[in-house]
Amino acid sequence: LRATRRASGFRAAAGTSARRCASGFPEASTIWKDGELIPWKEANVHILSTAVQFGSSLFEGIRCYGTPSGPAIVHLDGHLRRLLDSCKMYRIDVPYSAEALAAACFDVVEANGLHDGCYIRPMVLRGYGAVGMDGKGSPVECYIPAWKWGAYLGADAFSTGIDCCTASWARPAPNTFPGMAKAAGNYNNAALIKMEAQANGYVEAVALGSDGMVSEGSGQNLFAVRDGEIATPPINGSNLQGLTRASALQLAAEAGVPVRIEPIPREALYVADELFFTGTATEVMPIASLDRIAIGNGRRGPITERIQQRYQDIIHGRSEDVYGWMSLRFCGV
């Protein structure tokens, strides 16, 4: 009976969530660019820059949370290491150290008064100069904007879960491009996955790899729970090595929940007791249905809830940061 009711109300609920994600851009006042803070509207890139023409841009998405100890940035070191690793894979020499970029992230938070929490977007790109797609001769430019941003998929979705589909678009095969790099051009595939899902009335999608096995969401790692155990796909060149994924693995171990990192066939998702996404923007998000098939009882399951609540307690400063995820300005930055 519940599955029938859920199916009948599916499109309206999913459409509402989809519209929430498409709200206007919440501008801040300043952006860090190559060592200085500049007005938001002056952070411009030439139309013929290598980044615009050929997608030669590497980036990170980082969350900062308001805590009782002040604004704290989650996984800051991990994000900046991945940014520099991504640049190395794409043969871009970054003129700033991870320490300098970390200080710049806090400068942006403070300059814009975003002490209650925000989203931070460090970007490294090839600017205007080269004609060819290799970007040789184009300057390397570094930007760090930040803006106020709440729950990516809506605060109510943390308890109700979201409706997802299986994407018709596959994730690229390993060795097509560096799947471990967070590169702007790579996200054209993710955009197709997301747009298709929303066009069909879903909030998000699960993508398969070129081998037909489960890969990830449009911008999230995926976990499945069955019989009290968690399974998640390996990092295999088709998906991103998520930092929130690593946190979820730590919290599962803390809770004594067995975890298997193994290939997962699509059909295993339909008969899972629970499914959930993880990601910096998404955080820990339950999946209520996949392809109009209710997952478990059609709402957040107990293991998802436990991991989600523990994660939220740490990042918001309600529990001790026993894993060292959070960075505060007075802690050496």
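The figures follow:
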| item | result |
| --- | --- |
| Residue within the stretch 118-139 that is charged (D, E, K, R), within 22 Å of Leu240 (Cα to Cα) and either surrounded by fewer than 20 Cβ atoms within 10 Å (Cβ to Cβ) or modelled with pLDDT under 95 (or both) present | yes |
| Check on Ser247, among the hydroxyl-bearing types (Ser, Thr, Tyr), assigned to a loop (DSSP other than H, G, I, E, B) and either touching a residue at least 24 places away in the same chain (Cβ under 8 Å) or under 21 Å from Leu290 (Cα atoms) (or both) | no |
| Looking only at the stretch 107-117, and only at residues there that are closer than 18 Å to His79 by Cα and of a type outside the set (A, V, I, L, M), the one that is most open to solvent (accessible area, probe 1.4 Å) | Asp107 |
| Residue selected from the stretch 95-137 under the condition among the small types (Gly, Ala, Ser) and touching a Pro at 6+ places or on another chain (Cβ under 9 Å), by the criterion nearest to Glu283 (Cα to Cα) | Gly117 |
| All positions within the stretch 252-278 that are buried (at least 19 other Cβ atoms within 10 Å of the Cβ) and among the aliphatic types (A, V, I, L, M) | Ala252, Ile264, Leu269, Ala272, Leu275 |
| Helices (runs of 4 or more DSSP H) (entirely within the stretch 1-68) containing at least 1 residues that are at pLDDT 90 or above and over 25 Å from Asn200 (Cβ atoms) | 50-54 |
| Residues satisfying the stated conditions in the stretch 175-223, i.e. within 27 Å of Pro122 (Cβ to Cβ), open to solvent by 40 Å² or more (accessible area, probe 1.4 Å) and of a type in the set (Ser, Thr, Tyr) | Thr176, Tyr187 |
| Selection count where residues are in contact with a Pro (Cβ under 9 Å, 6 or more places away or on another chain), of a type in the set (Val, Ile, Thr) and crowded, with 23+ Cβ neighbours inside 10 Å, scope the stretch 27-68 | 2 |
| Total residues in the stretch 279-332, condition in contact with a strand residue (DSSP E or B) (Cβ under 8 Å, 6 or more places away or on another chain), open to solvent by 10 Å² or more (accessible area, probe 1.4 Å) and of a type in the set (Val, Ile, Thr) | 2 |
| Per-region count, the stretch 69-106, residues open to solvent by less than 60 Å² (accessible area, probe 1.4 Å) and either among the polar types (S, T, N, Q) or assigned to a helix (DSSP H, G or I) (or both) | 18 |
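The values are calculated or read from the model by the stated rules, or taken from the named source; none is laboratory data. Since the structure is predicted, the reported quantities are computational estimates derived from the model, not experimental observations. Quick reminder, even Gly has a Cβ in these numbers, built from the backbone with ideal geometry, and neighbours come from all protein chains shown. Protein only, heavy atoms only, side chains kept; ligands, DNA and RNA dropped before computing areas. Shrake-Rupley method; radii C 1.70, N 1.55, O 1.52, S 1.80 Å.
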